[in-house]
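J.: Pasting in a structure now, in structure tokens, and then I'll have a few things to ask.
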Amino acid sequence: MASFELPEFVGNGILNDHMDTLLADGWDDVPTLKMMSPNDMDLLHLTQLQRDALELRIYLHDRSLMQYADKLEACGRNLSELLNTQPSVLTSEYGMKRGHVARFVDRASACGIEMPSTLSLPARKRTLTHQGEGGQFADEENQHDDAAAVPPPPTPPAKEERAMKQKHDDDDDNDVVTQQLYPGMRMTYNKNDNNNGGKSSSMIKSGFQDPVVLRKIAGAPTASKGIYSAGPSNSAHCCGIPSPHLGPEEVTALSVLEKITIQILTPEHKKGNNPFKASQPIKLPPPSKASELWANQPTLILCLRRPGCVMCRSEAHQLYARKPLFDAMGIQLVVCVNEHIDAEVRAFWPRYWGGIVVVDEKREIFKALGGGQLNEENVIAGFLFNATTRANWKQARATGIKNSSTGEASIKGGLYIIRAGNGGVAYQFVERNFGDWAPLEEVLNVCGEIQQ
């Protein structure tokens, strides 16, 4: 998987000359830049060469081939012309390895993320405000005033909900089921399909089982549910090795989380904002209350077992790749580690995660995830005698991410989604098998409910 480091993505080519304008309008991280549409490029007054360069770099980033970006951009050919180039020329002129050539010419391997019609990028809103000519695009509410210049606005949520209800009513008499994954995104499948048993195809592909859903949170302001795990623990223990602690049966009380203190290791990754410029280890700031993270906005906290672990890096990468979705829903992204090893954090941020990173050296958040005690498991038993963990490991290794074995490996992590202020925990996921991920559909669904 390609790095989220902004200078590496932009490179030394023609895009670098336009970065100040892009940063001023909020196009200041790699996932957001990759969501730029032709209309956005028009408003930003990008030249054809700049458009071609951005298209090429997005294509290479999706295929983890950024090492060739500067050389391919400098050749003066656009992406279409390069894709029609003979493989032997790609090797001889641009130094592309054979395996990389096959990956480059495979147009079907794109992994772009589509923005739901009900959501809008914050950067796009700023661009419309700052770059719109004559106030024509002063704000999104006025976009539909000029139908010839801008596409019509999306269907209001109320109409979408009515359409969804009608769809379900129509499907009662047949086997087709339409499921809303999160606002603006829906999935249709045949509940009698023997190939997937009526499950989401993306969950099947990712190896997730049906989630275990807890009872609703008492007094919750929305219909969000606490989620315990993607499936039952599949650990098989022997030789007298004790079974791991299975964790809580309810989401963590806000009063517990408010007592926790953390230290901020890194801010959000922006141009020129790098705490690791110096060769000396980063100096930890004084401890602060964890509640400050979600005081003003809903926050997703990904608790990682170890930032060097290939499975942890893979999970962080696939979440941060969807940062534009979380930005549009107003969700802040934070990673929490249970120890500070300077070299491991440097290798992790911003390559695999460009958001905030905090350290919980007392491991209080990890204890809260486990219902008051650390959710630990013997590493040998958790890996060698657990088929689910081995499958998780294999899936993560297939992404090409490197692994580091430095650091604590037995303390399991998880994920929190916490509402702003005193709203409490909206969603909780506990890692039961090493490498378990919170199902992305559930995470986005809860964030969508909070956003509404």
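The values are calculated or read from the model by the stated rules, or taken from the named source; none is laboratory data. Quantities reported herein were computed from a predicted structural model and do not represent experimental measurements. In this analysis, Cβ positions are derived from the backbone assuming ideal geometry, glycine residues included, and neighbour counts consider all displayed protein chains. Accessible surface areas use protein heavy atoms only, side chains included; no ligands, DNA or RNA. Shrake-Rupley method; radii C 1.70, N 1.55, O 1.52, S 1.80 Å.
J.: Could you give the nm distance between label points at Phe276 and Glu339, where each point is 7 Å from its Cα heading toward the beta carbon?
T.: It works out to 1.8 nm between the two label points.
J.: Under the 0.36 nm per residue contour assumption, what length would be gained going from the current alpha-carbon distance of Ala295 and Gln131 to full extension? Mind dumping the intermediate values first?
T.: Values: separation 164, 0.36 × 164 = 59.04 nm, distance 3.21 nm.
Working it through step by step, the gained length comes to 55.8 nm.
J.: What nm value, rounded to one decimal, do you get for the distance between Arg390 and Asn422 when each label is placed 7 Å out toward the C-beta?
T.: Result: 5.2 nm between the two label points.
J.: I need the calculated FRET efficiency for the pair Ala102 and Lys283, taking r as the beta carbon distance and R₀ as 45 Å, to the nearest 0.05. Could the numbers behind the result be given before it?
T.: On the way: r = 46 Å, r/R0 = 1.02.
That pair, Ala102 with Lys283, gives E of 0.45.
J.: Tell me, in nm to one decimal, what length is gained between Ser88 and Glu250 on full extension, where the rule is 0.36 nm per residue of separation less the Cα-Cα distance? Walk me through the numbers on the way to the answer.
T.: On the way: separation 162, 0.36 × 162 = 58.32 nm, distance 5.87 nm.
Computed gain between Ser88 and Glu250 is 52.4 nm.
J.: Per residue and in Å³, how big is the convex hull formed by the alpha-carbon atoms of segment 10-140? Please report the intermediate quantities before stating the final value.
T.: Details: hull volume 14.0 nm³, N = 131.
Looking at segment 10-140, the number lands at 107 Å³ per residue.
J.: Return the subset of Lys271/Lys362; Lys323/Lys402; Lys34/Lys289; Lys362/Lys394 for which the Cα-Cα distance in this structure is over 28 Å, preserving the input order. Mind showing how you got there, number by number?
T.: On the way: Lys271/Lys362 32 Å; Lys323/Lys402 22 Å; Lys34/Lys289 34 Å; Lys362/Lys394 31 Å.
Violating the 28 Å limit, Cα to Cα: Lys271/Lys362; Lys34/Lys289; Lys362/Lys394.
J.: With every protein chain left in place, what is the accessible area of Met329 in Å² (1.4 Å probe, nearest 10)?
T.: 10 Å²
J.: Also: Only residues of segment 369-400 count here: report those whose backbone N is under 13 Å from the spot 7 Å along Cα→Cβ of Gln318, or say none.
T.: 391-400
J.: Each residue of segment 321-333 in order: what ³J(HN,Hα) in whole Hz does its phi give by Karplus 6.51 cos²θ - 1.76 cosθ + 1.60, θ = phi - 60°, with x for Gly and Pro?
T.: With the stated coefficients, segment 321-333 comes to 4, 9, 3, x, 5, 5, 4, 5, 8, x, 9, 7, 10 Hz.
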